Amino acid sequence: MPIKKILVVDDSPTERFALTEVLTQHGYEVVTAENGEEAVAKSKTELPDLILMDVVMPGMNGYQATRTISRNDATKAIPIIICTTKGQETDRIWGVRQGAHDYLVKPVAHPELLDRIQSLG
């Protein structure tokens, strides 16, 4: 299934803007969320083809949101790529255990991100 709609989840307005810009320039429709709770809600209402998930956010963090989305019958088929500053190997392993399909450490190189997105589509 080709990836057309991407949900970008990040509490940083700058990061959301930067990712939205690069993704829309490459033809993707982008929906954004500022935190984990909003990500879970929008994953159900928008049914994106992919979610780019930050980890460090107030309230529900990205690991918790990833776990919730990946275990819900309505959203479990949506691939999630975690994009975070948490770069330890244990962080990556934990992210994958929560249901993430991939894990990138910020600052994310846009060409690498686009390659990972295309490999999922």
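Scanning region 32-59 for residues that are out of contact with any Ser or Thr (no Cβ under 9 Å at 6 or more places or on another chain) and part of a strand (DSSP E or B), which turns out surrounded by the fewest Cβ atoms within 10 Å (Cβ to Cβ)?
Per the stated criteria, the residue is LEU50.
Name the residues in region 65-84 that are under 16 Å from GLU38 (Cβ atoms), assigned to a helix (DSSP H, G or I) and either polar (S, T, N, Q) or touching a residue at least 40 places away in the same chain (Cβ under 8 Å) (or both), would you?
Across region 65-84, the qualifying residues are ALA65, THR66, THR68.
Report every pair of residues separated by at least 6 positions or lying on different chains whose Cβ atoms are under 6 Å apart, first residue within region 19-48 and within 21 Å of SER70 (Cβ to Cβ), second exposed (fewer than 12 other Cβ atoms within 10 Å of the Cβ).
LYS44/ALA74
Which one of the conditions (1) touching an Asp or Glu at 6+ places or on another chain (Cβ under 9 Å); (2) buried (at least 18 other Cβ atoms within 10 Å of the Cβ); (3) touching a residue at least 24 places away in the same chain (Cβ under 8 Å) does ARG16 fail to meet, given that it meets all the rest?
(3)
Residues to consider are GLY62, GLY87; find the one that is small (Gly, Ala, Ser), surrounded by fewer than 19 Cβ atoms within 10 Å (Cβ to Cβ) and touching a residue at least 12 places away in the same chain (Cβ under 8 Å).
GLY87
Under 7 Å by Cβ, and 6 or more places apart or on different chains, what pairs join a residue from region 102-121 that is assigned to a helix (DSSP H, G or I) with one that is exposed (fewer than 15 other Cβ atoms within 10 Å of the Cβ) and not aliphatic (A, V, I, L, M)?
Correct list of pairs: LEU114/HIS26.
Every residue in region 1-13 that is surrounded by fewer than 21 Cβ atoms within 10 Å (Cβ to Cβ) and outside any strand (DSSP E or B), please.
Residues satisfying the conditions are MET1, PRO2, ILE3, LYS4, ASP11, SER12, PRO13.
Just so you know, all these numbers are worked out from the coordinates, no wet-lab data involved. All of these numbers come straight from a predicted model, not from anything done at the bench. Glycine gets a Cβ as well: all are built from the backbone with ideal geometry, and neighbour counts include every protein chain shown.
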